[in-house]
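Engineer: Mind having a look at this structure? Questions to follow.
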Amino acid sequence: MTSTPPSKGQLERVLIAGGGIGGIATALALAKRGIASTVLERRLIFGEDGAGIQIGPNGTRILGELGAAAFLRSRVTVPDGLRVLDATTARPLAAFPLGRWIAERHGAPYWTAHRRDLHNALLSAAERESLIKIRMGFDVTSVSDEGDGVTATSANADDCRGDVLIAADGAWSALRSRAFGGAAPAYTGKCAVRVVLPIEDVPEALNRTEVHLWLGRDVHVVHYPVQAGHAVALVVVFDDRHVTTDWSTSCDTAWVSGRTTGFAPLLRELLARPDEWRRWSLMTLRHSPRLAVGRLALLGDAAHPVMPFLAQGGVMALEDAVVVADTLAADRADPPRALKAYERARRSRVQRVARASRLNGRIYHLGGLPADARNFAFTRMSADRFMRRFDWLYGWTAPQTASHQPVTPSASSE
């Protein structure tokens with residue numbers, strides 16, 4: 001898709017607070033529709049830390065449209081399927097198809113990747129867009145909606161003016177509570193620990209091109225290959241009372257090992273391999289903020305931090321990006337009206353994803369007789385029929401982007 005120049009006298013520049021996945025994806029989506037943007041990123045340089053991310057067809061389809069898939073394709077893994085196991089016995093409970101099955105059904109593949117690789121791919125695509133400007137070291141502390149435009153002010157008292165501002169500054173968004181009526185995130189009582197291991201450190205029996213999901217009482221483990229199969233992303237979700245606002249709080253191996261003493265030997269062997277973990281608290285918003293107020297909009301985790309039990313948090317930011325770009329491109333003469341259209345288009349979708357994610361979390365963490373019933377249901381379930389239940393999720397396309405005919409990554413090229 002080639003960028004088209006904006007019409008004279010219409011929307012010309014959008015400010016984007018936050019240069020993460022959602023922010024850069026939004027800049028790219030706007031550029032594809034002929035709208036210039038300035039990304040205001042508080043960091044002086046983009047970090048190298050990160051974890052794994054699963055990108056369903058509803059996400060990879062968007063990456064193709066944005067031009068980022070070409071930069072990411074060589075760094076991802078295409079898992080053949082999802083294996084579900086009992087964490088205490090290692091007994092297989094179910095196997096569901098991904099790979100060719102999901103690509104043929106939805107017209108785009110299922111990828112697993114390192115978040116750093118995804119972000120770098122988006123940045124590489126953005127560097128080739130003349131309509132995108134990225135300002136590093138600009139920490140947006142306040143925003144003023146002046147009716148005919150907006151002004152963002154940084155912690156250093158620098159100003160930047162545009163026609164619209166989109167806040168994509170993450171789950172701990174400073175702008176959400178100031179402009180959109182959203183409260184601070186509330187702790188869910190669960191935390192996650194994560195690590196990315198070289199493939200050489202993974203027990204041979206678990207060195208598969210698959211997503212593994214281990215289920216236990218009040219805990220579950222997920223691991224899958226990333227970096228083109230050269231590493232494995234490993235995440236464990238526990239109940240935990242300690243709250244941290246840091247995405248990368250250090251956590252030692254003894255803490256993880258002490259909480260997994262009842263796990264199967266093979267799983268314990270895997271969890272003993274890392275020298276250090278990174279921990280973060282799982283947060284949620286008890287009250288949904290408004291997504292649009294005048295010339296301001298909220299996007300991604302800043303708008304709707306989703307629990308990680310459906311692997312859709314990052315993909316929801318990608319969906320937000322193309323929808324807000326579509327609504328602005330369709331109504332350049334009235335940005336507030338366009339942003340209200342974005343809010344209407346996204347609210348029910350993200351709420352449905354959030355509900356499905358919370359339900360998955362409850363199912364994953366069952367114990368006792370309910371867990372036995374869950375496991376029995378898994379062993380009797382038709383894999384094909386189970387996967388078709390997610391057509392609403394993976395088959396999503398933005399209605400207003402249908403005419404754009406984006407280039408999607410083909411299954412045959414993976």
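Engineer: So what is the relative contact order of the stretch 14-69, in percent, for Cα pairs below 8 Å that sit 6 or more residues apart?
Structural biologist: With pairs under 8 Å counted, the relative contact order is 34 percent.
Engineer: In percent, how large is the relative contact order of the stretch 86-198, given Cα pairs closer than 8 Å and 6 or more residues apart?
Structural biologist: It comes to 10 percent, rounded to a whole number.
Engineer: Also, quick follow-up: With only alpha-carbon atoms counted, please give the Rg and Dmax of the chain, in Å.
Structural biologist: Taking only Cα atoms of the chain, I get Rg and Dmax of 21.2, 66 Å.
Engineer: Something else about it: How large is the dipole of the chain about the Cα centre if only Lys and Arg carry +1 and Asp and Glu carry -1, each at its Cβ, rounded to the nearest 20 debye?
Structural biologist: The dipole magnitude comes to about 1160 debye.
Engineer: Still on this model: Using a Cα distance threshold of under 25 Å, what count of lysine pairs results for the chain when pairs must be 8 or more residues apart or interchain?
Structural biologist: 5
Engineer: Now a separate question. Classify the stretch 296-408 as rounded, prolate or oblate from the Cα gyration tensor: take a ≥ b ≥ c as the square roots of its eigenvalues, call it rounded if a/c is under 1.5, otherwise prolate when a/b beats b/c and oblate if not.
Structural biologist: Prolate shape, in that a/c is at least 1.5 and a/b is the bigger ratio.
Engineer: Normalise the Cα radius of gyration of the stretch 201-303 by 2.2 N^0.38 Å (N = residues in it) and let me know the number.
Structural biologist: Taking N as the residue count of the stretch 201-303, the ratio is 1.35.
Engineer: Output the 0 to 90 degree angle, nearest 10, between the alpha-carbon long axis of helix 115-127 and the longest principal axis computed from the alpha carbons of the chain.
Structural biologist: 20
Engineer: Now, a different point. Taking the dipole about the Cα centre of the chain, with the C-beta of Lys and Arg at +1 and of Asp and Glu at -1, give me whichever of Gly137, Ile166, Pro97 is farthest to the positive side.
Structural biologist: The residue sitting most towards the positive pole is Pro97.
Engineer: What dipole magnitude, in Debye to the nearest 20, does the stretch 1-116 give about its Cα centre under +1 on Lys/Arg Cβ and -1 on Asp/Glu Cβ?
Structural biologist: Result for the stretch 1-116 is approximately 160 debye, rounded to the nearest 20.
Engineer: Fully extended, how many nm does the chain gain between Asp275 and Arg388 (0.36 nm per residue separation, minus their Cα-Cα distance)?
Structural biologist: 36.7 nm is the gain from fully extending Asp275 to Arg388.
Engineer: Can I ask one more? Please go through the stretch 4-106 and write out the GluC sites (Glu not before Pro) that DSSP classes as loop and that have at most 12 other C-beta atoms within 10 Å.
Structural biologist: In loop regions of the stretch 4-106 (DSSP not H, G, I, E or B), the sparsely surrounded GluC sites (Glu not before Pro) are Glu48.
Engineer: Report the gain in length on full extension from Ala157 to Thr88: 0.36 nm times residue separation, minus Cα-Cα distance, nm rounded to one decimal.
Structural biologist: 19.3 nm
Engineer: Using the alpha-carbon centroid of each, what span in Å lies between the stretch 170-195 and the stretch 27-63?
Structural biologist: That distance is 20 Å.
Engineer: Highest GNM mean-square fluctuation, the chain, Cα pairs closer than 10 Å: which of Ala233, Ala264, Ala51?
Structural biologist: Ala264
Engineer: If you don't mind, there's one more thing I want to ask. Quick one: if you stick a label point 7 Å off each Cα along the C-beta vector at Asp201 and Asp372, how many nm between them?
Structural biologist: 3.8
Engineer: With θ taken as phi - 60° and the coefficients 6.51, -1.76 and 1.60, list the Karplus ³J(HN,Hα) couplings across the stretch 214-219 in order, rounded to whole Hz; mark glycine and proline as x.
Structural biologist: So the J values, rounded to whole Hz, are 9, 10, x, 5, 6, 7.
Engineer: Additional query: At 222 nm, what helix-only mean residue ellipticity would the chain give, in deg cm²/dmol to the nearest 500, using -39500 (n - 2.57) for each DSSP H run of four or more?
Structural biologist: Using -39500 (n - 2.57) per qualifying helix, the result is -10000 deg cm²/dmol.
A short reminder: the numbers here are calculations on the coordinates, not readings from a lab. On a predicted model such as this, the values are computed, not experimentally measured, just so you know. Cβ sites come from the backbone with ideal geometry, for glycine too, and all protein chains shown count toward neighbours.
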